[in-house]
Amino acid sequence: MLRLVSLWPYQKTWEKVVARIYLAFAIVILMLAQMIRGIEECFYEDVNIEIVLENFSGFCYFIGIITRLITSILSIDNFQHLYEEITKDWKQVTDEEEKNVLRHFAKKGRLLTIIYSVYAYGSCVLYITSTAVIPMLLNEILTKKEPLPKMLCLYGEFFVDQEKYFNHIFLLILFSGIGHMAITTAIDGTYINCVQHILGLFNIIKYKLEELNKIVSDPVTYNSEDIADVINNNIMFCIKTHKRCLELTILLQEACNKCFFIMSAIMILGLSTFSVDLVININRPINFLRIFTLWFAAIIYLFYISWPGQKLIDTSNELFIWIYSSGWYQFPLKSKNDMRLMMLRSKKPCQLTAGPLLIMSFETCGLILRTAFSYFTAVASMG
């Protein structure tokens, strides 16, 4: 997926050049068409506020896509370092149970990426085709004197007769939309799989602590001569793995921080205008369906990028409980002190942020949605 959008650090230069030319074309051609049409509308005597709002939302969307691509390209060295560190983890894990833990979370990340990608591409195709295909189907089913006109999914200025060249413009939009989804799914998929790896490391610590609890709970094992060394070695492994989790979180934070901060601001603007546009089109079913598809897709996107951050916070908070449940108070004195330090550090949650203030969590997701819905409520009450 990263190869398709020129973000795989190990691919050939010519592949990157071809991919970036295609993506630049896919973004710029529709962005300019919407911008020109929106500016034109502002100079008409009878301004259509729906077109102005929708094209402003489109502008926010394209700025978001450009931001994600550029920040990811600029952070490609950070991502390369992160991939190499993750590779080291897989090579260093020798215990089969620990490997199974990593495999479980890797498979979960893959499944989430596939589900998200299917949804993203499906929403894109539905949005682009709904205003063209639904009128055609209704014209076949319903016998009306005046057939329903097929429309493009966006208001754009293409400097040609849009009725005459409808199919050409339709295919252009579809071709470009697939490029936009390739960027979104590749970057988000990378993010969630990196977080899943960190969660896997946390759960390896859980597995080790459970093993320690079995040792101290068994009188025969606990009274063996070398038990102090076994306990100490396992504790040192847990401490190093916890430190590793924090290091990888910082690396991921450095790679994604700016992108998520800008995207959060754009999502507030975009969702707000989409909400107002929904109210305006509430009596126009086809248009309402088209805008609702975008509005709902934006909400799913917010949930998707917030979920890994929330899982990271929850798992790092659970670490304290895992440590306490390991029977640490029965460990030798040195091991007890090490566990106390680990418990103390685990009280501070491991988290990802968007910019200096916004924490990637469900709370931030809810805050953004409440802000956007406030505009929806205000416009609805006025209407």
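The values are calculated or read from the model by the stated rules, or taken from the named source; none is laboratory data. As the structure is a prediction and not an experimental result, all values here were calculated from the model. Cβ sites come from the backbone with ideal geometry, for glycine too, and all protein chains shown count toward neighbours. To get the accessible areas, we keep the full protein, side chains included, count just its heavy atoms, and leave off ligands, DNA and RNA. Shrake-Rupley method; radii C 1.70, N 1.55, O 1.52, S 1.80 Å.
Here are the numbers for this structure:
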{"read-out": "Residue within the range 84-95 that is of a type in the set (S, T, N, Q) and in contact (Cβ under 8 Å) with a residue 60 or more places away in the chain present", "value": "no"}
{"read-out": "Filter result for the condition that a residue is out of contact with any Pro (no Cβ under 8 Å at 6 or more places or on another chain) and modelled with pLDDT of 90 or more, over I73, I63, I141", "value": "I73"}
{"read-out": "Only one of L367, L344 that is without any contact (Cβ under 8 Å) to a residue 40 or more places away in the chain, surrounded by fewer than 17 Cβ atoms within 10 Å (Cβ to Cβ) and farther than 27 Å from H180 by Cα", "value": "L344"}
{"read-out": "Options I250, I280, I313, I239: the member that is in contact with a Pro (Cβ under 8 Å, 6 or more places away or on another chain) and either open to solvent by 10 Å² or more (accessible area, probe 1.4 Å) or at positive phi (or both)", "value": "I313"}
{"read-out": "Selection status of V18, open to solvent by less than 60 Å² (accessible area, probe 1.4 Å) and in a helix (DSSP H, G or I)", "value": "no"}
{"read-out": "Search result, residues across the range 318-327 that are in contact with a Ser or Thr (Cβ under 8 Å, 6 or more places away or on another chain) and either open to solvent by 40 Å² or more (accessible area, probe 1.4 Å) or over 25 Å from L248 (Cβ atoms) (or both)", "value": "F320, G327"}
{"read-out": "Test: residue in the range 234-241 that is in contact with a Cys (Cβ under 6 Å, 6 or more places away or on another chain) and within 30 Å of A255 (Cα to Cα)", "value": "no"}
{"read-out": "Residues located in the range 1-15, provided they are in a helix (DSSP H, G or I) and touching a helix residue (DSSP H, G or I) at 6+ places or on another chain (Cβ under 9 Å)", "value": "R3, L4, V5, E15"}
{"read-out": "Which listed residue is of a type in the set (S, T, Y) and either closer than 30 Å to E210 by Cβ or in contact with a strand residue (DSSP E or B) (Cβ under 7 Å, 6 or more places away or on another chain) (or both), from S275, S264", "value": "S264"}
{"read-out": "Residue tally, condition assigned to a helix (DSSP H, G or I) and more than 30 Å from I27 (Cα to Cα), over the range 60-116", "value": "22"}
{"read-out": "Whichever residue in the range 328-341 is open to solvent by 70 Å² or more (accessible area, probe 1.4 Å) and among the charged types (D, E, K, R) and, among such residues, is modelled with the highest pLDDT", "value": "R340"}
{"read-out": "Flag for S306 being surrounded by 15 or more Cβ atoms within 10 Å (Cβ to Cβ) and in contact (Cβ under 8 Å) with a residue 60 or more places away in the chain", "value": "no"}
{"read-out": "Residues within the range 134-148 that are under 36 Å from the mean Cα position of the chain (by Cα) and either at positive phi or open to solvent by 60 Å² or more (accessible area, probe 1.4 Å) (or both), tallied", "value": "2"}
